[in-house]
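Heads up, the thing below is written out as C-alpha cells.
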Amino acid sequence: MQKLLIIITLISSLYSSDLISPIPTNEDYDINKALLGKKLFHEKRLSVDNTISCASCHIITEGGDDNRKFSIGVNNKKGNVNSPTVLNSRYNLSQFWDGRAKDLKEQALGPIHNPLEMNNDFKNIISKLKNDDYYKNAFKIYKDGMTQDNILDAIVEFEKALVTPHSKFDRYLLGDKDILSTEEKEGFELFKDYGCISCHNGVNIGGNLYQKMGIIKEYKIKSGNLGRYNVTKNEEDKYYFKVPTLRNIEHTSPYMHDGSEENLKETIKVMIEYQVGIIPTDEEIYKIELFLKTLNGNTPVIMVDE
C-alpha cells in the first residue's frame, strides 16, 4: 500500500495547477436566444402533463441539479440515475453520465422524449405554445419561427450562458495566491498527491473523460446502471462513467451517479478508497473538502435578475 502511495505521489508530481484552467469570463452566446431559452428552460408545458420543466431537475441557483437521489418526472415517475449539474455543462466532452448525448442539443432532446421525465413530443409542445403571445413574438428571431430545432437551439443557447466564473480557486490560479487559506492550499496539494487531478482537470475540473468507478476496489453499483456500456455495448466499458465536474460541488449533493453519498466527506473517502485503494485520514478529508469548497463560482449573469 505504501508503495502504491509513493507511485501515485510521483505521478501526481508531474501535474500542477496548470492542468486546471479558470472559467473564461468572455464566453460568447446570443443574448436574445438565451433569454428565450431561459423561458423555455422553465416552461412546464414542455412536459406532457404540464408539470415538469428542465428547471425541475436543474435548479440553477442551487447548484444546477435538484438535490435528489433520483429526479421525479411526470406522474411521479422516478429515474435511476442522479441528475448532474447543468452549470458549466458547455465544457463537457459529452452529456449524461454515460455520454449518450454528444452535445447540449442532444441532451436537451433526451428528457423531452423520455417516458420517465417529460414523456412528450414536439408536435404536442408546439401546439401548446404557438398561441402564446410571448413565444409568438420571441420566436421571430428565427426565420422559420417555432420549430423543434429552434426550441432546442434556444435552450442550448441559455445553457451555454450557465457558467460560474470567479471562484476563489480561479482567482488563485489567476495570481491571487493569498486568497486561499493554508488549509485550503494543503487540501489542493492532497488533491494532487492522491491523483484526483488526473481525472478532475481542465476548465470544468472534470467532464472531459470517462473513468471506471472502482479502479482498485470493486464498487457495487447500487442503481444497476452500467455506465458507458449502455451506449457502446462493449464489455470493457461496464462501470465507466463520465467524470463529473467538481465546480460548485458543495451545492450538488447527493453525490455519485447513483446518489448514494449524502455529503462531501463520505464521497471523498469513497473515491480515494475505491479509485486509489487508500483510506485517507479525517484530517486529509477535511482539508480536501475545504479545497473543493473553493470551487464555488458566481451565479450565472443571466440569472442575476432572479
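The values are calculated or read from the model by the stated rules, or taken from the named source; none is laboratory data. All of these numbers come straight from a predicted model, not from anything done at the bench. Note: ideal-geometry Cβ built from the backbone for every residue, glycine included; neighbour counts use all protein chains shown.
The listed residues are Leu36, Leu19, and the only one of them that is among the aliphatic types (A, V, I, L, M) and assigned by TED's automatic domain parsing to the domain that holds Glu186 turns out to be Leu19. Can Asn67 be described as in contact (Cβ under 8 Å) with a residue 40 or more places away in the chain, more than 22 Å from the chain's Cα centre (by Cα) and assigned to a loop (DSSP other than H, G, I, E, B)? In short, no.
Could you tell me whether Glu273 is buried (at least 18 other Cβ atoms within 10 Å of the Cβ), acidic (Asp, Glu) and not in a loop (DSSP other than H, G, I, E, B)? Steps first, answer last, please.
Working: buried (at least 18 other Cβ atoms within 10 Å of the Cβ): no; acidic (Asp, Glu): yes; not in a loop (DSSP other than H, G, I, E, B): yes.
Judged against the criteria, Glu273 is not a match.
When restricted to residues that are at pLDDT 95 or above and either within 15 Å of His200 (Cβ to Cβ) or assigned to a loop (DSSP other than H, G, I, E, B) (or both), the range 218-237 contains 3. The criterion of at least 1 residues that are farther than 18 Å from Ile31 by Cα and either in contact with a strand residue (DSSP E or B) (Cβ under 7 Å, 6 or more places away or on another chain) or without any contact (Cβ under 8 Å) to a residue 12 or more places away in the chain (or both) is met, among helices (runs of 4 or more DSSP H) falling completely within the range 113-206, by 122-129, 133-138, 168-173, 182-193. When the range 276-302 is limited to residues that are over 30 Å from Ile31 (Cβ atoms), of a type in the set (A, V, I, L, M, F, W, C) and in a helix (DSSP H, G or I), the one that is nearest to the chain's Cα centre (by Cα) turns out to be Leu292.
Checking each residue in the range 169-197 for being surrounded by 18 or more Cβ atoms within 10 Å (Cβ to Cβ) and either of a type in the set (A, V, I, L, M) or within 19 Å of the chain's Cα centre (by Cα) (or both) picks out Phe169, Asp170, Leu180, Leu190, Cys196, Ile197.
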